[in-house]
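The values are calculated or read from the model by the stated rules, or taken from the named source; none is laboratory data. Fair warning: this is a prediction, and the values are worked out from it, not measured in the lab. Please note: Cβ atoms are built from the backbone with ideal geometry, for glycine as well, and neighbour counts cover all protein chains shown. What goes into the accessible areas is simple: the full protein's heavy atoms, side chains included, and nothing from ligands, DNA or RNA. Shrake-Rupley method; radii C 1.70, N 1.55, O 1.52, S 1.80 Å.
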Amino acid sequence: MSGARALLARPAPLAWLALAALLSLALSLALGSVAIAPGELMRVLLGEGEALHQTLVLELRLPRSLAAFGTGALLALAGALMQVLLRNPLADPYVLGLSGGASVAALVAMLTGLGAALVGGAAFAGALTSTLIVFGLAHGTGSWTPTRLLLTGVVMAAGWGAVITFLLAVSPVERLPGMLYWLMGDLAYAGSPWPVLAVAALALVVVLPLGRTLNVLARGGLQAAALGVSVRPLEWTLYLLASLLTAVAVTTAGSIGFVGLMVPHMLRLRLGNDQRRLLPASLLAGGILLTLADTLARTLIAPQQLPVGVITALLGVPSFLYLLYRSR
């Protein structure tokens with residue numbers, strides 16, 4: 001309930017983000033290799049308009065746009081949770097090796113011819129395995145620190161990258177283009193958007209009541225323990241939840257970087273560090289960012305399409321370097 005009261009206390013930023021989310025979805029439906037005027041788009045959404053436009057919007061663009069929004073929301077929310085867990089603004093599921101483990105497991109499942117549902121299960125198993133390895137290596141014989149965990153995750157991410165390279169080297173030639181596009185992040189074959197949207201909504205329902213506890217945890221594990229927080233169970237919950245969110249995102253759209261790193265960090269500069277506002281804001285802003293990035297990927301060199309991961313990298317790298325420059 002404290003999380004809900006915090007949202008009601010300062011609803012303006014979230015209201016603006018919700019409006020921006022609707023506008024980004026409308027833009028993604030209108031733009032593409034065939035542009036659709038706003039009036040025609042409204043008629044299509046109301047069940048009218050030309051049959052060609054109805055097919056283009058309702059059957060092709062709308063599912064992809066919703067999948068992009070849900071994937072971006074999951075990545076940004078996972079990044080926000082990881083940054084709270086490690087008390088480090090550079091923490092991200094991709095930096096810590098979670099996405100690498102999910103990608104390796106998903107690629108192995110694809111190569112063995114498993115179905116889409118089993119590929120998703122394999123991705124979660126890979127992310128969870130990477131979580132256990134990173135925690136186990138970072139813990140050692142004593143307690144882990146955020147710095148040790150971050151360094152261990154970076155090394156694991158590099159190791160998973162080497163395994164991915166090996167899998168690509170031994171894969172059949174005819175499968176390489178699809179696998180490479182998937183690794184770069186591709187929403188062309190995202191499928192139904194409802195699972196990823198449902199997971200995003202459920203994750204927000206789970207973490208929002210923990211907002212006040214996460215605010216205490218962000219100040220340090222010792223202080224949180226002194227104030228009565230069960231630190232270790234909460235940390236494991238955050239890491240497992242981040243693993244699940246990353247696995248669902250990777251299964252839906254492949255490997256997409258910088259969303260979970262940039263969105264929570266930039267929002268923190270604008271909204272502060274209150275997790276009761278930051279977590280839902282990250283979910284909305286992450287969805288907006290990836291929806292707009294996917295729209296740009298579809299329209300930049302239309303009718304050809306770019307992997308959306310290329311767009312997020314092109315946007316994320318200079319933005320992150322600028323933030324590092326400002327924080328000197």
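Look through region 231-265, keep the residues that are hydrophobic (A, V, I, L, M, F, W, C) and under 21 Å from GLY220 (Cα atoms), and return whichever of them is most open to solvent (accessible area, probe 1.4 Å). Let's see the steps before the verdict.
Of the residues in region 231-265, the ones hydrophobic (A, V, I, L, M, F, W, C) are 231, 234, 236, 238, 240-242, 244-245, 247-250, 253, 256, 258-259, 261-263.
So of that shortlist, the ones also under 21 Å from GLY220 (Cα atoms) come out as 231, 234, 236, 238, 240-242, 261.
Working: VAL231: 21, LEU234: 18, TRP236: 93, LEU238: 3, LEU240: 71, LEU241: 28, ALA242: 0, LEU261: 16 Å².
The extreme case among them is TRP236.
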Q | Flag if TRP182 is part of a helix (DSSP H, G or I), aromatic (Phe, Trp, Tyr), at pLDDT 80 or above and in contact with a helix residue (DSSP H, G or I) (Cβ under 9 Å, 6 or more places away or on another chain) | A | no
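Considering region 34-72 alone, what residues qualify as being touching a residue at least 24 places away in the same chain (Cβ under 8 Å) and over 16 Å from ASP186 (Cα atoms)?
So in region 34-72, the residues touching a residue at least 24 places away in the same chain (Cβ under 8 Å) come out as 56-57, 61-72.
Result: LEU56, VAL57.
Let's see how each residue does on (1) at pLDDT 85 or above; (2) farther than 17 Å from GLU235 by Cα; (3) touching a strand residue (DSSP E or B) at 6+ places or on another chain (Cβ under 6 Å):
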residue	(1), (2), (3)
ARG61	yes, yes, no
GLY70	yes, yes, no
VAL84	yes, no, no
LEU90	no, yes, no
LEU128	no, no, no
LEU132	no, no, no
GLY136	no, no, no
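Within region 196-228, track down each residue that is of a type in the set (Gly, Ala, Ser) and either closer than 30 Å to LEU66 by Cα or without any contact (Cβ under 8 Å) to a residue 24 or more places away in the chain (or both).
Start the filter on region 196-228 by keeping residues that are of a type in the set (Gly, Ala, Ser), which leaves 198, 200-201, 203, 211, 218, 220-221, 224-226, 228.
Hits for region 196-228 are ALA198, ALA200, ALA201, ALA203, GLY211, GLY221, ALA224, ALA225, ALA226, GLY228.
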Q) Quick one: would you say ALA106 is buried (at least 20 other Cβ atoms within 10 Å of the Cβ) and under 30 Å from LEU222 (Cβ atoms)? A) no
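Which members of region 163-174 meet the condition of being surrounded by 14 or more Cβ atoms within 10 Å (Cβ to Cβ) and in a helix (DSSP H, G or I)? So that I can check it myself, show each step before the final result.
Going residue by residue through region 163-174, those that are surrounded by 14 or more Cβ atoms within 10 Å (Cβ to Cβ) are 163-164, 167-168, 171.
Once the filter is applied, which keeps residues that are surrounded by 14 or more Cβ atoms within 10 Å (Cβ to Cβ) and in a helix (DSSP H, G or I), region 163-174 yields VAL163, ILE164, LEU167, LEU168.
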Q. Of the residues that sit in region 175-187 and are of a type in the set (A, V, I, L, M, F, W, C) and open to solvent by less than 50 Å² (accessible area, probe 1.4 Å), which one is farthest from the chain's Cα centre (by Cα)?
A. LEU176
(Q) Please verify whether LEU46 is open to solvent by less than 10 Å² (accessible area, probe 1.4 Å) and among the aliphatic types (A, V, I, L, M), treating the condition exactly as stated. (A) no
Q. For region 270-320, which residues satisfy the criterion of being of a type in the set (S, T, N, Q) and in contact (Cβ under 8 Å) with a residue 24 or more places away in the chain?
A. ASN273, GLN275, SER282, THR291, THR295, THR299, GLN305, THR312, SER319
(Q) Suppose we keep only residues that are of a type in the set (D, E, K, R) and in a helix (DSSP H, G or I) within region 54-99. Which one would you say is surrounded by the fewest Cβ atoms within 10 Å (Cβ to Cβ)? (A) GLU59
(Q) Condition first: surrounded by fewer than 16 Cβ atoms within 10 Å (Cβ to Cβ) and closer than 28 Å to ALA253 by Cα. Now tell me which residues in region 189-230 satisfy that. (A) TYR189, GLY191, SER192, TRP194, ALA198, ALA201, LEU202, VAL205, VAL206
Q) Within region 198-256, how many residues are over 12 Å from the mean Cα position of the chain (by Cα), in a helix (DSSP H, G or I) and not aliphatic (A, V, I, L, M)? A) 13
Q: Kindly establish whether SER282 is small (Gly, Ala, Ser) and modelled with pLDDT of 90 or more.
A: yes
